[in-house]
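Everything below concerns the one structure shown next.
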Amino acid sequence: MDDSLKNKILLIDNSINVDSINFDSEFNEIITLDYLSHEKLQNKKIKHTVSDIFISDSEFKNLDQLSHNFLKWHENSEIKNLITYKNINLGKLFDLDLYLYLLPILKTFFELSKLIPINPNSIFYSSSKICNFLEQFDVEYRKLNQKNMDDEFYLDSLTYEINLKSKSLKIPISRANYKRLRPIVENFYFSLFKNKPDNLTNSHILVEFDPLKYNKLLSSFSNDSNYVIYNRRRPYIWNYSTFSILNKSNVKFFPESKLIGKHEKSFLKNSRFLLDDLVKNFNEHNDYFEKFFKVNNLSFWRIIKNSFATLCISRFNEYIKEIEIALIFFDKTDPSTITIWSETGSTEQIVISIAKSKKIPIFLLQHGIYHDDDSAINFNFFSGVLPKDSDYFLVWGNHMYEYCKKIGLNQKQIKIIGNPSFDEYEKDFSNQVSSKYILLAAQGPTNFALDDLKNSVFEKYISSIKQICFLAKKFQKHLIIKLHPDPNDLDITDYIKEEYPDVTVIKTGDMKELIQNCELFLCIDISTAILEAQLLQKPTISISVKENLGLSKSKVFEYCVRTDVNHLENYFDKIFNNLKFKNNLVLDGTKFLNEYLFRKNSASQNFINFLNNH
């Protein structure tokens, strides 16, 4: 058939520069494959269809469940033998990275599998990236003459933000450069550090701990005990406050240079030959991967093969080094206990494996308000906040204890200690002075669930924030928006600054101080900051954007207003003009705290006592 007689469909994804496309060409239909592309065309007033419409809600749910099955690729016995190093499965260490990489690919692949059959005799035009998808189908396609963007994995690039009074300076830094710079910075701080890690035995190890968040806990350690922080992803020190906290405490840390000597450097250099051999053998199992990575009996392995290999080589090289460093660290510290925040991170998995082999008890410390509906159980285990490998789960209070019992965890494994990071809140409460500003804790759609990739979720999130900006202006209140620190979280600054230039948007900063001085606290959906606001006796409202993972059934919303943005004005009016309503809202928060938190001011000592008794 003559091309001029065929239906021409243009597929737009975020790798395409839409300014270079001639939209006056005779495309019969334009389809956007992600939210940012949809937004760009919407701003240009170009008629288009969003790809979400080709997937039903039930298909989204099934695809989300299927995505977790693809993380089991490394459980195949032959593959597992190839990628096991010092009894640690290297493939399992980047489950989270792979999951976040796969989700948008699965969404696009599934959408195309639905779109193509209903458009026979069509020619599809798109970027070389999307044409890699189209190659897997029996379809005619044309590549647009554009430079393709390289795939980037989770946390391959970071943004460091420095707040300078009314302005903020954002410094992008790659993962590789961060790893190169980190030892230099660590050595500098270590030279000024009073607590040198000498003669350590029976140490209590705190993995990936934030000194700023656990200031009270670190300051409570006695000088006759060995407490050591082991951070490999998170810096030990990044400003004067964190340096001061660590320097005044009795906690110790090892810079990388104190763990890797000449012998270790030589070994790590030679380990690259092992890695090359490993990857070579790994590639010989192409047939297995072709059959494993399938959706609707269609393999998408060829789409991800090169990026997957790149991810494996990059991460395996990194993990071999991390395993060797962890083994040296264990020899130098002779741990008696290990405390972690999550079981999912690569550092945590490595430490857990070594601790298990040495029969060292592992404590998983609750570090946030978790989704507490039955529908969120699998998500909670996947994200590592519920114990699979830990010996004890240290929870904040009775509510989490009852939730763990309800889902079948061993009661003897669950210990109530409170939340060490909240111990200073009561002390700070007397110093607070409410300003005339509203604080919004905003966490946008993430890549942790397919639902979050829907255009409708992005649109509701952005429109909700714009409406909050409008209401703050109407009620003559300054609005501060605190974004989530995740580098992949959507930065909404550009969406609101033109219309609402007086709104302050920040990504870093002390949440406690921000809440302490606000008049009203708002958050998108659920956040641990709700508890912080209630501790500081602030009226608190949750703005409903998403409804996945049983959000609306969460216990916190029995004591905290949860509303969509359309009803928010009514609550603003009551809070700012009805003192009784405002006070009742604060009292409700206090009731929830009494149920959720155990002994609000003694958690640090409870934690220390627990460590010393094990």
Are there any pairs, at least 6 apart or on different chains, whose C-beta atoms fall under 8 Å, with the first in the stretch 439-468 and without any contact (Cβ under 8 Å) to a residue 60 or more places away in the chain and the second small (Gly, Ala, Ser), and if so, which?
Ile465/Ala442
Selection from the stretch 543-568 of residues that are under 26 Å from Asp64 (Cβ atoms) and aromatic (Phe, Trp, Tyr):
Phe557
Within the stretch 489-499, is there a residue that is open to solvent by 20 Å² or more (accessible area, probe 1.4 Å), in a loop (DSSP other than H, G, I, E, B) and in contact with a Cys (Cβ under 9 Å, 6 or more places away or on another chain)?
yes
Output for the stretch 339-376, where each listed residue is part of a loop (DSSP other than H, G, I, E, B), among the charged types (D, E, K, R) and touching a residue at least 60 places away in the same chain (Cβ under 8 Å):
Asp372, Asp373
Residues that are more than 23 Å from Phe448 (Cβ to Cβ), part of a strand (DSSP E or B) and among the polar types (S, T, N, Q), drawn from the stretch 64-92
Thr84
Give the residue, chosen from Asn76, Asn62, that is touching a residue at least 40 places away in the same chain (Cβ under 8 Å) and either surrounded by 14 or more Cβ atoms within 10 Å (Cβ to Cβ) or not hydrophobic (A, V, I, L, M, F, W, C) (or both).
Asn76
Output the number of residues of the stretch 239-263 satisfying the condition of being of a type in the set (S, T, N, Q), open to solvent by 30 Å² or more (accessible area, probe 1.4 Å) and in a helix (DSSP H, G or I).
3
Output yes when any residue across the stretch 532-541 is open to solvent by less than 50 Å² (accessible area, probe 1.4 Å) and of a type in the set (Lys, Arg), and no when none is.
yes
Residues (open to solvent by less than 10 Å² (accessible area, probe 1.4 Å), outside any loop (DSSP other than H, G, I, E, B) and within 23 Å of Ala326 (Cα to Cα)) located in the stretch 185-221
Ser203, Ile205, Leu206, Val207, Leu218
Among the residues of the stretch 125-157, which ones are among the hydrophobic types (A, V, I, L, M, F, W, C) and either at pLDDT 95 or above or part of a helix (DSSP H, G or I) (or both)?
Ile130, Cys131, Phe133, Leu134
Please pick out the residue among Leu579, Leu520, Leu587, Leu551 that is under 30 Å from Phe458 (Cβ atoms) and surrounded by fewer than 22 Cβ atoms within 10 Å (Cβ to Cβ).
Leu551
What about Thr84, is it open to solvent by 30 Å² or more (accessible area, probe 1.4 Å) and touching a strand residue (DSSP E or B) at 6+ places or on another chain (Cβ under 7 Å)?
no
Tell me yes or no: at least one residue of the stretch 426-438 is modelled with pLDDT under 90 and in contact with a Cys (Cβ under 8 Å, 6 or more places away or on another chain).
yes
Of the residues in the stretch 222-231, how many are crowded, with 19+ Cβ neighbours inside 10 Å and outside any strand (DSSP E or B)?
2
Tell me, which residue of the stretch 557-570 that is crowded, with 17+ Cβ neighbours inside 10 Å and closer than 16 Å to Cys469 by Cβ is nearest to the chain's Cα centre (by Cα)?
Val565
What do you reckon, is Glu39 modelled with pLDDT under 95, touching a Phe, Trp or Tyr at 6+ places or on another chain (Cβ under 9 Å) and of a type in the set (Asp, Glu)?
yes
Does the stretch 467-475 contain at least one residue that is among the hydrophobic types (A, V, I, L, M, F, W, C), in a helix (DSSP H, G or I) and within 20 Å of the chain's Cα centre (by Cα)?
no
Residue match in the stretch 49-67 (condition: of a type in the set (D, E, K, R) and either on the phi > 0 side of the Ramachandran plot or modelled with pLDDT of 95 or more (or both)):
no
Between residues in the stretch 415-436 that are on the phi > 0 side of the Ramachandran plot and residues that are at pLDDT 75 or above and not in a loop (DSSP other than H, G, I, E, B), which pairs lie under 7 Å by C-beta distance while being six or more apart or on different chains?
Gly418/Ala603; Gly418/Asn606
Based on what the data block shows, is Phe598 open to solvent by less than 50 Å² (accessible area, probe 1.4 Å) and either modelled with pLDDT of 95 or more or under 30 Å from the mean Cα position of the chain (by Cα) (or both)?
no
Selection over the stretch 273-310 where residues are of a type in the set (A, V, I, L, M, F, W, C) and at pLDDT 85 or above yields a count of 10
Inside the stretch 391-418, can you point out the residues that are touching a Lys or Arg at 6+ places or on another chain (Cβ under 8 Å), over 20 Å from Ser375 (Cα atoms) and not hydrophobic (A, V, I, L, M, F, W, C)?
Tyr392, Gln411, Gly418
I'd like to check something: does the stretch 327-348 contain any residue that is open to solvent by less than 10 Å² (accessible area, probe 1.4 Å) and among the small types (Gly, Ala, Ser)?
no
Residue among Ile526, Ile492 that alone is under 21 Å from Tyr571 (Cα atoms) and at pLDDT below 90:
Ile526
Among (1) in a helix (DSSP H, G or I); (2) open to solvent by 20 Å² or more (accessible area, probe 1.4 Å), where does Pro120 come up short?
(1)
Subset of the stretch 504-517 that is surrounded by fewer than 22 Cβ atoms within 10 Å (Cβ to Cβ) and touching a helix residue (DSSP H, G or I) at 6+ places or on another chain (Cβ under 7 Å) - its residue that is farthest from Asp452 (Cα to Cα)
Lys512
Leading residue by the ranking (nearest to the chain's Cα centre (by Cα)) among those in the stretch 371-393 that are within 20 Å of Leu100 (Cα to Cα) and open to solvent by 10 Å² or more (accessible area, probe 1.4 Å)
Ser383
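The values are calculated or read from the model by the stated rules, or taken from the named source; none is laboratory data. From a predicted model like this one, the values you see are computed outputs, not experimental measurements. No Cβ is skipped: glycine too gets one built from the backbone with ideal geometry, and neighbour counts run over all protein chains shown. Side chains included, ligands, DNA and RNA excluded: accessible areas come from the protein's heavy atoms. Shrake-Rupley method; radii C 1.70, N 1.55, O 1.52, S 1.80 Å.
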